[in-house]
Each structure stands twice: as C-alpha cells, then as structure tokens.
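K.L.:
Sharing a structure, written as structure tokens. Questions coming.
The values are calculated or read from the model by the stated rules, or taken from the named source; none is laboratory data. Bear in mind that the values here come from a model prediction, so they are computed numbers and not experimental data. So basically every Cβ, Gly included, is an ideal-geometry build from the backbone, and we count neighbours across all protein chains shown.
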Amino acid sequence: MTRRFEPCYVWAMDFRRVSVTALADDVRAGRTGARELVTHALERIDALNPSVNAFVAVDETAALEAAAQVDDMVAAGRDPGPLAGIPIGVKDLEDAAGFVTTHGSPVFAGGAAATVDSSLVARLKAAGCIVIGKTNTPELGWKGDTDNEVFGATRNPWNLEHSPGGSSGGSAAAIASGMVPLATGSDGGGSIRIPSSCCGLSGMKPSLGRVPSGGAEPPDWQHLSTKGPMARRLVDVVAALDVVVGPDATDLRSLPRPEASWPAALLDAKMPVRVAWSPTLGYAPVDDEVLKVCTRAVAVLESLGVEVVEIEPVFDEDPVRDWLTLAMAYNLRTLAPYRGTDVWKRIDPVLAASMEWAAESLTVLDVVRAEDACHRLNTRLVDLFHDVRLLVTPTCAGQPPPRGLDGSGMINGALDANWVRFTYPFNMTRSPAASVCAGLSVDGLPIGLQLVGPQHADLVVIRSAAALETALGFDEIAPIGS
C-alpha cells in the first residue's frame, strides 16, 4: 500500500550525497526536522523497496512518533544526541523493540516481537537515531548472499541482476540505494565487508568486543562475529561507531572504550609508512577484473609515498575448514532444537544439510582444534605486523555475483563456491578490518580493497581507510535510487 506524506522542502537532497553528521547537525539546530528525514526515508522505501527488497519490515507510525519526540526536544532547547533524527535500518539478526527478529528463517519468523533493543540498537537510539525497520539477511546470516524463504532475495542497487553480498546485504542495499543513510550490520565471516564491497560502500569490522553483544542471551556466533554500523562513507561509519563502542557488563568479550576520539582520528587520516599487499593470501584464486582494480588502488597507495611490500603467503593454507567448523557449531546450537520437526523441512536445504553433517560428524575436539587454529593464524599476523603496520588484500575474490547462485560466486567466468576467501580469516584472528571501494569493474560493479590492522588497532585501520578513500576519490552512486 502506498503511503502519503507531506512534501519536504529539503529533499532535492539525496541521503547518499550528504553526511550523517551534517544531517544530524541540521536537526539539532532546527534547520531540518527529524520528521522530514524519516518521511524521506519512508518515501524512498516505498519507491525503491519493491525492486531492491532491502527492508523486510517497516513501522512508519512508530518511526514518525519517534521523530516527533526528537523535534519536540529540539524545540524545547534540549539536545537529542549527536545522531539526532537519523533514520536507520536494523539487520534482521539484531533485536529492535517492536519488531520480530526472524533471522531470515521460517523457524523464527512467527515469533513474538522483541521487547528490548540490542545493545547496539539501544546505543544508536540513545544518540538520536530512529529505527525505520528491519533489513534482509540470509537465514542465520550463514552465506555471502542475501536471500531466504521468508522474504526472498535482496538485489544489488548497482545492477538488480546481481547480489548485494551478505549477510548484511539488506543493510548495504538500503544504504546504496539511498533508502536510509545508516544501518546496522554484523560480521562473522565478512558479512559487513562483503556487502560493503559489493555495494560500493566503505565498511568496517571492528575488533571483536569493540561493539558489545550484551544482553540476556549469549551471542549467536560467540568468538567470530562482531557488530557495527554501516554507511556509505567512512566518516559516517566512524560517527556511529563513536556512540556504540565501549564496555557492556553483560558481554564477557567487550573491550574498554579507547581514550582517543574516533571521529578525531579522521583529522589525522593517513596511511602507515610501510604496508603489506597480498593479492592472494597465499591460497586464493582471484578474478582478473578484481585483481586489476585492486592493483590500481595499491598503486595509488604508492603514489602517497607508502612503501608497499608485496607478499604472497600470509597463511600456510586456506583456513576455511576451521572457520566452517566454528560457524556450523554455532548454527547447530541455534537450530538443534528444531531437527526432526515440521519446520526443519523449510530451512534452506544447504544449511539444513550442513547442520545434519555437523550434528553427526563434529566433535568437541574438532571445535577446540578450530579455536587452536585461530590462535595460530593470529600469531602469524603478529609476526607480519612486526614488519608492516597494515595488510592490504582484495575484499572478495570475485565480483558481485549474479543472482540465483545460492551463495556461490564467479571467478573468471567459472562458478566458485568460496568467492569470499579473503574475509573470514580475520574473523578468526579477531582483527579490525575495513573495505574501501577501489573502483568499478568494466561491467559497472563495485570492487573493494580490504585493509587489516593489528590486534585492537582499530584507529590505525580507520585512519588508513579514510586516507585511501580520499586518495581514490570514488564518489559514484548506484543507478537505482538516482
């Protein structure tokens, strides 16, 4: 059903062409109303979501009521917060009060609405953000594509015949098409970086524990997944990170808040003197077009005076088996109670088959040995970072894949089930890692370059990614939404 709203005088503007902080500053100063921002978001969702399918639930009444409260605070001379009036989408693996957290699964789609917000959503709302609705995700966030039986497939705003990546593909597509300027994501194997790469965004996976996963229930993917905000450009990601990082007593892994200001780090945005460039990590086949675009971006680094040391083997072998052991064990913990029930037949067949394998084959020792592998991968990075300050790789081994490949991708025209080989090792090491758009393929699809930093060196990654983003000067926006 089409919604009807009063026209807004500001909206010759595009969320993709103005920073989140500028929008919030206008709201705080009374130059723009929060209701105007929310109304614009709702209008863009109405116009674009039927073709993109980024949002799976929207509550316009609650969003407009929250916007009115922000405007009332401004009128009363009170400050609603540094992100006042910013409309956001919440990934459907994350609790937002009033919405069902379906996890993209028929198992949970009929559940009750959440009554409290996750720590991440609560902190964003406390800073003035307004939740518009929930964004799409693959079932339990298990693959690098965004589709599920409950809501269908999300499409890439750069080309609707291609995937936006996953598992935060709904959030990435919503931002890339201009539906909202900010959304939440989570990254257990690349799920912020992969869709950021596919949709032309700058994405950041913070160190594990920077953004807490507190609450009454244990986190889904324990030692692999970290949460964080997503936006089109790094300045907006950092503005949102600044209000959500910091300890939570209910999260055993949460880290103390760094003393330095996260936005202030952008004032000193620069690349380290010496970085490592690994086009394959020692094991990954790479699409020729991806390699060409990423190599060109690395040359830009060198033009900035950065000493680039090319290395092939970072790790002795692809750690995918150990990553899968952990990921499947975590998902089995979630889905085990539903094995043998009627709803099990509606679970994604590949996911269900992997769960059956995990239930029959995985042992406690397998899981512990996979954790041991995380330790060994990290010690390799410790050795590497004695010599360089940053590791640079492609974000994905393939371009944004055509739709309908069920999580697989394409590398040089051949089907490849593991086109995301560059991201999950750094979930295992808990490293901070960013993706910056390095440019477009000949077919006009975005390609990302990944920057990985030492343990807990989030600010190093932020400064470097911001410097690279500026040097590359990529400022094109997706054709859908323009």
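K.L.:
Any residue at all in the stretch 45-61 that's crowded, with 21+ Cβ neighbours inside 10 Å and more than 22 Å from Leu201 (Cβ to Cβ)?
P.N.:
no
K.L.:
Next question, about the same structure. Looking only at residues that are under 17 Å from the mean Cα position of the chain (by Cα) and not hydrophobic (A, V, I, L, M, F, W, C) in the stretch 443-468, which one is farthest from Val244 (Cα to Cα)?
P.N.:
Pro446
K.L.:
Within the stretch 200-220, how many residues turn out to be surrounded by fewer than 21 Cβ atoms within 10 Å (Cβ to Cβ) and either aromatic (Phe, Trp, Tyr) or not in a loop (DSSP other than H, G, I, E, B) (or both)?
P.N.:
Total satisfying the criteria: 0.
K.L.:
Let me ask something additional. Could you please find all residues in the stretch 396-427 being assigned to a strand (DSSP E or B) and over 21 Å from Gly169 (Cα atoms)? Talk me through it step by step, then tell me what you get.
P.N.:
Within the stretch 396-427, the first condition is being assigned to a strand (DSSP E or B), and the residues that meet it are 402, 409-411, 414-416.
Across the stretch 396-427, the qualifying residue is only Ala414.
K.L.:
Given (1) surrounded by fewer than 17 Cβ atoms within 10 Å (Cβ to Cβ); (2) at negative phi; (3) free of Cβ contacts under 8 Å to residues at least 24 places away in the same chain, identify the lone condition not met by Gly340.
P.N.:
Failed condition: (2).
K.L.:
In the stretch 374-395, is there at least one residue being touching a Cys at 6+ places or on another chain (Cβ under 7 Å) and either part of a helix (DSSP H, G or I) or at pLDDT 95 or above (or both)? Break it down into steps so the answer makes sense when it comes.
P.N.:
Within the stretch 374-395, the first condition is being touching a Cys at 6+ places or on another chain (Cβ under 7 Å), and the residues that meet it are 394.
Filter once more, keeping what is either part of a helix (DSSP H, G or I) or at pLDDT 95 or above (or both): 394.
Among the residues of the stretch 374-395, at least one is touching a Cys at 6+ places or on another chain (Cβ under 7 Å) and either part of a helix (DSSP H, G or I) or at pLDDT 95 or above (or both), which makes the answer yes.
K.L.:
Give me the residue from the stretch 430-457 that is farther than 22 Å from Asn412 by Cα and among the polar types (S, T, N, Q) and, out of that set, surrounded by the most Cβ atoms within 10 Å (Cβ to Cβ).
P.N.:
Only one residue tops the list, namely Ser431.
K.L.:
From the list Asp416, Asp406, exactly one residue is surrounded by fewer than 23 Cβ atoms within 10 Å (Cβ to Cβ) and modelled with pLDDT under 95. Which is it? Show your work before the answer.
P.N.:
Working: Asp416 fails: modelled with pLDDT under 95.
Answer to the selection: Asp406.
K.L.:
Working only within the stretch 264-280, note down all residues that are closer than 14 Å to Glu310 by Cβ and either among the polar types (S, T, N, Q) or touching a strand residue (DSSP E or B) at 6+ places or on another chain (Cβ under 6 Å) (or both).
P.N.:
At the first step, the residues of the stretch 264-280 found to be closer than 14 Å to Glu310 by Cβ are 274-280.
Across the stretch 264-280, the qualifying residues are Arg274, Val275, Ala276, Trp277, Ser278, Thr280.
K.L.:
Restricting to the stretch 431-482, name every residue that is assigned to a strand (DSSP E or B) and either out of contact with any Phe, Trp or Tyr (no Cβ under 7 Å at 6 or more places or on another chain) or not hydrophobic (A, V, I, L, M, F, W, C) (or both).
P.N.:
At the first step, the residues of the stretch 431-482 found to be assigned to a strand (DSSP E or B) are 433-440, 446-452.
Matches in the stretch 431-482: Ala434, Ser435, Val436, Ala438, Gly439, Leu440, Pro446, Ile447, Gly448, Leu449, Gln450, Leu451.
K.L.:
Out of all the residues in the stretch 297-347, which are over 21 Å from Val392 (Cα atoms) and acidic (Asp, Glu)?
P.N.:
Asp322, Asp342
K.L.:
So, one more: Return the residues of the stretch 201-211 that are out of contact with any Phe, Trp or Tyr (no Cβ under 8 Å at 6 or more places or on another chain) and closer than 22 Å to Gly170 by Cα; say none if nothing qualifies.
P.N.:
If we filter the stretch 201-211 for residues that are out of contact with any Phe, Trp or Tyr (no Cβ under 8 Å at 6 or more places or on another chain), which is where we start, we get 201-204, 206-211.
Hits for the stretch 201-211 are Leu201, Ser202, Gly203, Met204, Pro206, Val211.
K.L.:
Looking at the stretch 258-303 only, could you name the residues that are at pLDDT 95 or above, among the small types (Gly, Ala, Ser) and either part of a loop (DSSP other than H, G, I, E, B) or surrounded by 14 or more Cβ atoms within 10 Å (Cβ to Cβ) (or both)?
P.N.:
Ala276, Ser278, Gly282, Ala284, Ala297
K.L.:
Taking the stretch 381-403, which residues are out of contact with any strand residue (DSSP E or B) (no Cβ under 7 Å at 6 or more places or on another chain) and either surrounded by 24 or more Cβ atoms within 10 Å (Cβ to Cβ) or not acidic (Asp, Glu) (or both)? Can you show your working first?
P.N.:
First, pick out the residues of the stretch 381-403 that are out of contact with any strand residue (DSSP E or B) (no Cβ under 7 Å at 6 or more places or on another chain): 381-383, 385-387.
Hits for the stretch 381-403 are Leu381, Val382, Phe385, His386.
K.L.:
Follow-up. Being among the aromatic types (Phe, Trp, Tyr), within 24 Å of the chain's Cα centre (by Cα) and in a helix (DSSP H, G or I), is that true of even one residue in the stretch 318-328?
P.N.:
Pass one, the stretch 318-328, residues among the aromatic types (Phe, Trp, Tyr): 323.
Those still in the list that are within 24 Å of the chain's Cα centre (by Cα) too: 323.
Narrowing the set further to residues that are in a helix (DSSP H, G or I) leaves 323.
Yes, there is a match, as at least one residue in the stretch 318-328 is among the aromatic types (Phe, Trp, Tyr), within 24 Å of the chain's Cα centre (by Cα) and in a helix (DSSP H, G or I).
K.L.:
Sticking with this one: Could you tell me whether the stretch 137-155 includes any residue that is surrounded by 24 or more Cβ atoms within 10 Å (Cβ to Cβ), in contact with a Leu (Cβ under 7 Å, 6 or more places away or on another chain) and small (Gly, Ala, Ser)?
P.N.:
Yes, that holds for at least one residue.
K.L.:
Then there is this: I'd like to verify a number: residues in the stretch 399-415 that are under 22 Å from Gly439 (Cβ atoms) and among the aliphatic types (A, V, I, L, M), how many? Before the answer, list the steps.
P.N.:
Residues of the stretch 399-415 that are under 22 Å from Gly439 (Cβ atoms), as a first pass: 399-402, 409-413.
Applying the additional criterion that residues be among the aliphatic types (A, V, I, L, M) yields 410-411.
Residues in the stretch 399-415 being under 22 Å from Gly439 (Cβ atoms) and among the aliphatic types (A, V, I, L, M): 2 in total.
K.L.:
Looking at Gly188 and the list (1) more than 19 Å from Gly439 (Cα to Cα); (2) touching a strand residue (DSSP E or B) at 6+ places or on another chain (Cβ under 7 Å), which single condition is not satisfied?
P.N.:
Tallying (1) more than 19 Å from Gly439 (Cα to Cα); (2) touching a strand residue (DSSP E or B) at 6+ places or on another chain (Cβ under 7 Å), Gly188 fails exactly one: (2).
K.L.:
A further question on this structure: Can we say Val460 is touching a residue at least 60 places away in the same chain (Cβ under 8 Å) and surrounded by fewer than 24 Cβ atoms within 10 Å (Cβ to Cβ)?
P.N.:
yes
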